[in-house]
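The values are calculated or read from the model by the stated rules, or taken from the named source; none is laboratory data. Treat the numbers as computed from the prediction; the structure is a model and nothing was measured. As a convention, Cβ positions derive from the backbone with ideal geometry for all residues, glycine included, and neighbour counts pool all protein chains shown.
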Amino acid sequence: MIHQEIKDFILEDVISRFLRYVQVWTTSDENSTTFPSTKNQYELGKLIVKELEELNLANIIQDEYSYVYADLPATKGVENITPIGLIAHLDTSNMVSGKNVKPTIHKNYDGKPILFSHDKDLFLTFEDSPELESYIGYDIITSAGDSLLGADDKAGIAEIITACSVWNKYPELKHGPITLCFTPDEEVGKGTLKIDKQRLPKICYTLDGSDAGELEIECFDARKATLTFNGVSVHPGYAKNLMINAIHVASRFMSDLPEFQSPEHTEEKEGFFHLMQLQGTEEKATGLILLRDFAAMNNEKKKEYLNQLKSVYELKYPGLKIDLKYEYQYKNMLTYLEKQPKVVDLAKEAIKMAELEIKMHPIRGGTDGAKLSEMGIPTPNLFTGGMLFHSKKEYIPTISMQKACEVILYLADLWTDT
C-alpha cells in the first residue's frame, strides 16, 4: 500500500501542477483549418516537455502537431514486462471560455453553496452535482466563475506527471516501461488524427473521466450527418410558386426530428439526434446533426429516418435538392475492450487498492480511447475527479486528484506481475 508520506507528496505535487496548467489557455476550435486547431496548445506542450525533462524521462518530444511523447524506463528487474501507455489531452472545450482561468481553492468545504468570486449570481450546490456532498471536509477547486476550470483534461495531465514525479522521488515503487502521450484537439474529435501509433504500446489508459472511482469501457457509436438544402432564390415580391426558401425549409426539416430523441430528453443508454448547427440563406442552407447511440444498429435506423425525411421533403417541395452525407466519427469501444478483459480487470483492481468504489458508467460521449481501441490499442478511460465539465460550475476535489494518482501507481505495479 502507498504510505502516508507518499500520499502527502502526491497531494501537494498534483495540486501545484494542476493550478499551473489550467492557467494556460488551450481552447480548441472546431472551425479551424489548422492542426492543432489553436496555437496555444503548443504552449502547454512546451511546459510539459520542460517538466518531463526535469523528471528525467526519456525520448521526450513535442512534434509538429503538438503531440507530446515521453518514455519512462522500467524499474530494475521488470524491464521486460508488458509496456503500458498513459494518455491525456491538452485542449479544453470551446463551450465556455478557457481564457484567463483563475483557479480558486475552497478549503475544508462545509456543504454550503460554493460562491464564485467573479460572478455573484453563480453558485454550486448539491442540486447541480449530488456527488459534491461526498466531499464535505475536503478542499474543492473551481474557477472564479467567468470561465471553465479546465479539469477536462488538465487534471489528467497533472495526475500522470505527478505519478512520474512520485516514481522519480520514490524509486522503490515498481513499474514497467511506460509511455506518456498528451494529445491536442480531443474536444473537437481529432485527438488521434495525427497520433504516431508506433510510439504507443499495445495497451493504454486515458485519464479523462469524472468522479473518483469511475472506469469507462463503453461509449457512444457516433455518426455525423451534414445536410445541404439547395433552394431557389426569387425576388420576394414575385416569389409565388417560384421561390424555394432553403433556410425556411431546412428549419421545418429540423423541426421534424423526434423531440423525445434529443439530448435534453435522453439519459443513460438512450440515443439521440443533436442539431449542432443550422445556417444559410434563401438559396442555400446547411445543417449539422450528430447521431448518437450505444448500438450501431440504432444509428443505422436514425440514418434511415433522415433518408426518408429527405425524400419526403424533396417530394413536398419540387425543385428542392437536399445533399445528405454521413461521417463515421467513432465506434463504441466496448466492442474492442470486451476482448481484452485483463486490461479492464487490472484497472478495477487498482481502483479497489486506492480504497474507492468502482463506478462503471457508459460515456455519453467519446474519448481518445474509443479511436485508439478501434486502431487496435485497447484503451479504457480512468477518472480524473473533475465534475460538471464544460461549464462555469466545473469543479474538482483535491482528494480525487490524489486518488487518481494512487490508481496510476497501483495500476503500474499490478502490470509488473503479469
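Select the strands (runs of 3 or more DSSP E) contained entirely in segment 178-271, then report the ones holding at least 1 residues which are under 23 Å from the mean Cα position of the chain (by Cα), surrounded by fewer than 24 Cβ atoms within 10 Å (Cβ to Cβ) and not assigned by TED's automatic domain parsing to the domain that holds Met95.
The qualifying strands (runs of 3 or more DSSP E) are 221-230.
Residue under question is Ile396, and the condition is that it be within 22 Å of Cys181 (Cα to Cα), out of contact with any His (no Cβ under 8 Å at 6 or more places or on another chain) and either of a type in the set (Gly, Ala, Ser) or not in a loop (DSSP other than H, G, I, E, B) (or both); does it hold?
No; evaluated as a whole, the condition is false for this residue.
What's the number of the only condition in (1) assigned to a loop (DSSP other than H, G, I, E, B); (2) in contact with a Gly (Cβ under 9 Å, 6 or more places away or on another chain); (3) in contact (Cβ under 8 Å) with a residue 24 or more places away in the chain that Glu159 fails to meet?
(1) is the only condition that Glu159 fails.
Just to be sure before I move on: is Thr416 polar (S, T, N, Q), touching a His at 6+ places or on another chain (Cβ under 7 Å) and touching a residue at least 24 places away in the same chain (Cβ under 8 Å) in the structure I sent?
When the stated conditions are applied, Thr416 passes them.
Quick test for you: out of Ile87, Ile81, pick the one residue that is surrounded by fewer than 18 Cβ atoms within 10 Å (Cβ to Cβ) and of a type in the set (Val, Ile, Thr).
On inspection, the qualifying residue turns out to be Ile81.
Answer yes or no as to whether Tyr328 is under 24 Å from the mean Cα position of the chain (by Cα) and either among the small types (Gly, Ala, Ser) or outside any loop (DSSP other than H, G, I, E, B) (or both).
yes
Please list, ordered by residue number, the strands (runs of 3 or more DSSP E) wholly in segment 63-154 having 1 or more residues that are assigned by TED's automatic domain parsing to the domain that holds Arg17 and closer than 25 Å to Glu53 by Cβ.
68-72, 84-89
Could you list, in sequence order, all residues of segment 355-390 that are more than 30 Å from Phe126 (Cα to Cα), modelled with pLDDT of 95 or more and touching a Gly at 6+ places or on another chain (Cβ under 8 Å)?
Once the filter is applied, which keeps residues that are more than 30 Å from Phe126 (Cα to Cα), modelled with pLDDT of 95 or more and touching a Gly at 6+ places or on another chain (Cβ under 8 Å), segment 355-390 yields Ile377, Thr379.
Determine whether Thr142 is crowded, with 18+ Cβ neighbours inside 10 Å and in contact with a strand residue (DSSP E or B) (Cβ under 7 Å, 6 or more places away or on another chain).
Criteria met by Thr142.
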